[in-house]
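Undergrad: Structure incoming, see below.
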Amino acid sequence: MTEQFDADWLSLREPADHRARAASDLSGLAQYCPRHRATRVLDLGSGTGSNLHYLAARLPAHEQEWVLFDHDPELLNRAERRVQATQWAGPAITVQYQQGDLAQFQTYPAAIDVITASALLDLVSAAWIDGLVDYARQQNAAVLLALSYDGRIAFTPQDPDDSRIRAWVNQHQRGPKDMGAALGPEAWLRASEAFARAGYTVETPATDWQLDHRDTALQRETIAGWHAAAHEVMPSEAERLSRWQQRRIDALGHSTLSVGHRDVLALPCRD
């Protein structure tokens, strides 16, 4: 998988990501954190380490061994520098950095207790999800897939073209990505059903972005990204799209934006 993400974008969205994730109850992970050795965590599409920095302090484990797995060496380098600069409070953390193709992550050989990813699921295909379920079941691992976009977008105040833009953005989300046809807004549901069929107990809390005047820069970049995505789907509507983007930019500072996300927490049955 070679989908590219700019480190500045990942940094910009991190505060909103972390606020949204507060809605997800992680207490169910406790029984999958071993008591007599370190908990081993595989973070897929780890980027610059946002998932590690959010989750490590919230896992009920005093010792943790993380593997940050990403295709982009520069993002992994940034993640390593960030880890080195962090004073960890609470758990003892060790981190490995694994560059590799996310389509082939199942070849990672070590035993894993928890598999996690953040803002990744809506980019993958049905076949990738099936491979993840098989891998997790072989490992008897718990799985936490955070912040999967679910297709809901709501601005306040509303604009007459918001619903049209949302439909085009969601169409783009379902388009071809590096691993085939992405599931986009339906990915969280497809994953939850696949894990349930595999015998997992599944929870899917809403973890929506709630953006306001504190998040003007993030709103601006999100609007620009949606404009570009909608233009790819409907280039004949370039004028309408440009007018919508300008109206949305003009509203920054007093507008709010809710972006729908779902977490998928899948816990294997244990005798």
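Undergrad: Could you tally the net charge around R240, taking each other residue with its Cβ under 10 Å from the Cβ of R240, Lys/Arg +1 and Asp/Glu -1? Numbers along the way, then the final one.
TA: On the way: positive: R164, R243; negative: D161, E237, E239.
Computed value for this residue: -1.
Undergrad: If you don't mind, another one. Could you compute the net charge surrounding D150? Neighbours are other residues with a C-beta less than 15 Å from the C-beta of D150; K and R count +1, D and E count -1. Could you put the intermediate results ahead of the total?
TA: Details: positive: R21, R152, R166, R174, R190, R262; negative: D17, D122, E186, E193, E203, D208, D263.
Charge balance in the 15 Å sphere: -1.
Undergrad: From the backbone phi of region 93-103, what are the Karplus-calculated ³J(HN,Hα) couplings (6.51 cos²θ - 1.76 cosθ + 1.60, θ = phi - 60°) in whole Hz, Gly and Pro given as x?
TA: Listing the rounded values in order: 10, 10, 10, 10, 10, 10, 8, x, 7, 5, 6 Hz.
Undergrad: Please state the shape class of region 43-112: rounded when a/c is under 1.5, otherwise prolate if a/b exceeds b/c and oblate if not, all from the C-alpha gyration tensor.
TA: Values: a/c = 2.27, a/b = 1.36, b/c = 1.66.
Taking the square roots of the gyration eigenvalues as a ≥ b ≥ c, region 43-112 is oblate.
Undergrad: Another question, then. H18 to A238: FRET efficiency via 1/(1 + (r/R0)^6), r the Cβ-Cβ distance, R0 41 Å, to the nearest 0.05?
TA: 0.70
Undergrad: Just R137, R21, R40 to compare: in a GNM of the chain, with alpha carbon springs under 10 Å, which one fluctuates most?
TA: Result for the chain, Cα springs under 10 Å: R137 fluctuates most.
Undergrad: For the chain, with every protein chain kept in place, what is the accessible area per residue (1.4 Å probe, Å²)?
TA: On the way: 12360 Å² over 271 residues.
Heavy-atom accessible area per residue stands at 46 Å².
Undergrad: Given the options I165, S148, T201, identify the residue whose Cα lies farthest towards the positive end of the charge dipole of the chain (+1 on Cβ of Lys, Arg; -1 on Cβ of Asp, Glu).
TA: T201
Undergrad: If I fit a long axis through the Cα atoms of helix 73-84 and take the longest principal axis of the Cα atoms of the chain, what angle between them do I get, 0 to 90°, rounded to 10?
TA: 60 degrees
Undergrad: What is the mean projected area of the alpha carbon convex hull for the chain, to one decimal in square nanometres?
TA: So the Cα hull casts an average projection of 14.0 nm².
Undergrad: Using θ = phi - 60° and the Karplus curve 6.51 cos²θ - 1.76 cosθ + 1.60, what whole-Hz ³J(HN,Hα) does each residue of region 15-21 get, with Gly and Pro shown as x?
TA: Per-residue couplings from phi come out as x, 5, 4, 5, 4, 5, 6 Hz.
Undergrad: Per residue, what volume in Å³ does the convex hull of the Cα atoms of region 102-207 enclose?
TA: 95 Å³
Undergrad: At a 1.4 Å probe, what is the % contribution of carbon and sulfur to the accessible area of region 1-88?
TA: The value for region 1-88 is 46 percent carbon and sulfur by accessible area.
Undergrad: Right, another one. What's the angle, to the nearest 10 degrees (0 to 90), between helix 216-233's Cα axis and the longest principal axis of the chain?
TA: The answer is roughly 80 degrees.
Undergrad: What is the percent carbon and sulfur in the accessible area of region 114-168, measuring with a 1.4 Å probe over the protein chains and ignoring ligands?
TA: 48 percent
Undergrad: OK, next. Pull out the extension gain between Q98 and D212, defined as 0.36 nm times the separation in residues minus the alpha carbon to alpha carbon distance; nm, one decimal.
TA: 37.4 nm
Undergrad: Between the helical axis of 162-173 and the dominant principal axis of the chain, each derived from Cα atoms, what acute angle in degrees is found, rounded to the nearest 10?
TA: 40 degrees
The values are calculated or read from the model by the stated rules, or taken from the named source; none is laboratory data. Here the structure is a predicted model, which is why all the values come from computation and not from measurement. Neighbour counts run over all protein chains shown; Cβ positions are idealised from the backbone, glycine included. These accessible areas exclude ligands, DNA and RNA; they are computed on the full protein's heavy atoms, side chains included. Shrake-Rupley method; radii C 1.70, N 1.55, O 1.52, S 1.80 Å.
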